[in-house]
Amino acid sequence: MSHLWRYLLRENPMQIETTRAIRRFTVSGDYTATTQRTITRILFGLLYVLYAWFLVTIVMYKDDMSQGILWFEFGLLTLLIPGSLYTAISGERERMTWDSLILTNLSPSRILAGKLLWRLSLAGIIMLIFLPPLLLTHCTSHYNKSYALPALLWIQFLLAAWCVFLATFTVYISANTKRSVATLSIVTLSLLFTLVLLPMLMSVFGVSMTSDSAFTQGYTYGYENTRPPTAWIVSSLIAHLNPALVILWMENSSQTMISSDMWRDSGIFLIAPFLYLIGAGLCVAGTLKALARLGMPIQATRKEKGG
Amino acid sequence: MQPMISAENLRKTYGTLVAVEGWTLDLYPGDIFGFIGPNGAGKTTTIKMLATLIQPTSGSATVNGIDVVRFPREVRPYIGYMPDAFGVYDDIKVWEYLDFFCAAYDPPKESRPEIIERVLTVTDLMEKRDAYVQTLSRGMQQRLCLAKCLVHDPKVLLLDEPASGLDPRARIDIKKLIARLGALGKTIIVSSHILPELADFCNKIGIQERGKLLVSGDVETIVRQLQPTRQLMISVRNDDSAVTRLLETLRDHPLIEKVTRDTDTPYTVRVAFTGNVEQQAILLRSLIAEEHPLTSFAESAMDLEDVFLRVTTGKVH
């Protein structure tokens, strides 16, 4: 285990990615790109302001804002991880640094670990940053608490697993596409489909829209007494693994639980983090395979630029 | 002695386009092979096949006796490859960049600082040690890329257009650097489409056109193959009668194959001489003894440019 730790993390030359990222985010490198520096500073400034606003609101109004914070945290992580990883492998090929990389003794597992390390560390830091306001709002709330404390901590586990899945999925796509823009498009469309479009379709076709919270109603509406079609079951299952909705369903049951949803009633969404981790494992295996393939002499069928 | 690089009938096709065909060559330790050819001749494809980056369609190649197709990972430690177009990582310093590549080849950790000092010294980048990579000029980045190729002390260097895009000063610097590396016993293939770049420091050349290696070997042998006779240029005083008398004398000489009046230089005769250097000296003595008013007597050696123009047709894919 210690050998693996040393090989993949502590003595992995790909740690240079972390150094580069720290310089980029803290703007401590010798930056000539002033636009990039300005954008980075503005983004960080906005995040500081938002964070301060959260804290002030929590203390002033003593209302339970945990759901809002959790959704914000989820949204931020969902944007940040693909945004920082979509160039991981395809970007190396575009920048023409990939050939130099594969000619070294670096193994696919070391390359992958180096690519994931700082992005996942950053996700972890963000989750840690959001933990104090979450606990503060939970403890200071005057009214009904949205979540029990174990549920809050479980959601943190869910988000961590989601980050791991999203990161490995993005790297997998990046290793299998030649252009970073293609990686970003595929990942964005996949996320839009599974996180937004699919629940919307399920909601439209399966839920009574008269409810004040149509989006959260049971996706098996209309099939209470008969077996729903397989496609419906699969779609419904995927929709139930949507972290945003799981966050909602983990809220204290007295407020939102509706008995007509078979998946939710079965509590299947509780295994969502484990399914994310299984998905992440598959993505890691797929990425390692793709990197091993990219490291071999290519059977080019089209001539590249050059003599 | 086992060749360091050996290729036998290497061929690469892209669909119907034959990029490289029948590429056969042996290079030994210390050889600096100048790989010349117009753009689109297949130089980059050939170098990439030797660098284990592209799989040949057919044929075989070995580096240090190891098959580049069957055992690419085993070959790679022996190769330093500098592509014609390359990228560098930004936000890191020059020494960090080199340390990264050094560490990627798994040398003992303690030896890394020493290796970095060595390659920085060889490539004259010591004063840029702590500079950020993205702040270096194009020439400096070329040198950095070369330094990166040297961190694992490879026996073979494959340099694809290393001087492209450089100013004259940087070109001279990189040429000197390659010559220095050749003197260290490395086998180097350096490609270029600019002839004077290679003429000075390569002991072997190969001229490639439309994927075919038209000629290869040491410069002198190639010149001898293409020009079996010595070309002498003999000039006399500005006098037409002197030129006519000289032409008559030379036409009767048994070792002279052909004599023509040179159209470019006035009062000069071009001679195809089949004799050796001693016989050339005897010829000079006899012309002086016959009181020809000689102003110059010189051998016109065929240069790389002449060789190139002689063997290529100017056609590209």
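The single residue among B:65, B:87, B:15 that is small (Gly, Ala, Ser), within 11 Å of another protein chain (Cβ to nearest Cβ) and surrounded by fewer than 18 Cβ atoms within 10 Å (Cβ to Cβ) turns out to be B:15. From the list B:232, B:226, B:287, the one residue that fits, being of a type in the set (A, V, I, L, M), touching a residue at least 40 places away in the same chain (Cβ under 8 Å) and exposed (fewer than 14 other Cβ atoms within 10 Å of the Cβ), is B:226.
Okay, residues lined up against (1) in contact with an Asp or Glu (Cβ under 6 Å, 6 or more places away or on another chain); (2) under 20 Å from residue B:236 (Cα atoms); (3) hydrophobic (A, V, I, L, M, F, W, C):
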| residue | (1), (2), (3) |
| --- | --- |
| B:278 | no, no, no |
| B:284 | no, yes, yes |
| B:287 | no, yes, yes |
| B:297 | no, yes, yes |
| B:302 | no, no, yes |
| B:308 | no, no, yes |
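Considering the range A:82-133, the residues that are touching a strand residue (DSSP E or B) at 6+ places or on another chain (Cβ under 8 Å) and of a type outside the set (A, V, I, L, M, F, W, C) include one that is nearest to residue B:154 (Cα to Cα), namely A:100. Is the range B:256-273 home to any residue that is of a type in the set (Lys, Arg), touching a residue at least 40 places away in the same chain (Cβ under 8 Å) and surrounded by 12 or more Cβ atoms within 10 Å (Cβ to Cβ)? No, the range B:256-273 has no match at all. Restricting the range B:91-107 to residues that are facing another protein chain (nearest Cβ under 7 Å) and in a loop (DSSP other than H, G, I, E, B) leaves a set whose member that is surrounded by the fewest Cβ atoms within 10 Å (Cβ to Cβ) is B:106.
Restricted to the range B:51-67, and to residues there that are in contact with a Leu (Cβ under 6 Å, 6 or more places away or on another chain) and of a type in the set (A, V, I, L, M, F, W, C), the residue that is farthest from residue B:190 (Cα to Cα) is B:61. Residues that are touching a Ser or Thr at 6+ places or on another chain (Cβ under 6 Å) and among the β-branched types (Val, Ile, Thr) occur in the range B:75-93; there is at least one. For the range A:193-221, the set of residues classified as at pLDDT 55 or above and either more than 12 Å from residue A:242 (Cβ to Cβ) or touching a strand residue (DSSP E or B) at 6+ places or on another chain (Cβ under 8 Å) (or both) consists of A:201, A:204, A:205, A:206, listed by residue number. Of the helices (runs of 4 or more DSSP H) that lie entirely inside the range A:46-151, those containing 3 or more residues that are away from every other protein chain (no Cβ under 14 Å) and either basic (Lys, Arg) or surrounded by 14 or more Cβ atoms within 10 Å (Cβ to Cβ) (or both) span A:66-85, A:108-140. Among the conditions (1) farther than 27 Å from residue A:6 by Cβ; (2) away from chain A (no Cβ under 11 Å); (3) touching a residue at least 40 places away in the same chain (Cβ under 8 Å), the only one that residue B:143 does not satisfy is (3).
Within the range B:224-242, the residues that satisfy the criterion of being under 33 Å from the mean Cα position of the chain (by Cα) and part of a loop (DSSP other than H, G, I, E, B) are B:227, B:228, B:229. Annotation: residue A:38 fulfils all but one of (1) surrounded by 15 or more Cβ atoms within 10 Å (Cβ to Cβ); (2) more than 13 Å from chain B (Cβ to nearest Cβ); (3) among the polar types (S, T, N, Q); (4) free of Cβ contacts under 8 Å to residues at least 40 places away in the same chain; the unmet one is (1).
Within the range B:18-53, the only residue that satisfies the criterion of being over 18 Å from residue B:66 (Cβ atoms), within 10 Å of chain A (Cβ to nearest Cβ) and of a type in the set (D, E, K, R) is B:43.
Suppose the filter is under 21 Å from residue B:52 (Cα atoms), surrounded by fewer than 21 Cβ atoms within 10 Å (Cβ to Cβ) and within 9 Å of chain A (Cβ to nearest Cβ); does residue B:77 pass it? Yes, satisfied. Taking the condition of a type in the set (A, V, I, L, M) and within 15 Å of the chain's Cα centre (by Cα), does residue A:77 pass? Yes. Checking A:181, A:164, A:171 one by one, the residue that is over 22 Å from residue A:271 (Cα atoms), touching a helix residue (DSSP H, G or I) at 6+ places or on another chain (Cβ under 7 Å) and in a helix (DSSP H, G or I) is A:171 and no other.
The values are calculated or read from the model by the stated rules, or taken from the named source; none is laboratory data. What you see is a predicted model; the values in this text were computed from it and never measured. Quick reminder, even Gly has a Cβ in these numbers, built from the backbone with ideal geometry, and neighbours come from all protein chains shown.
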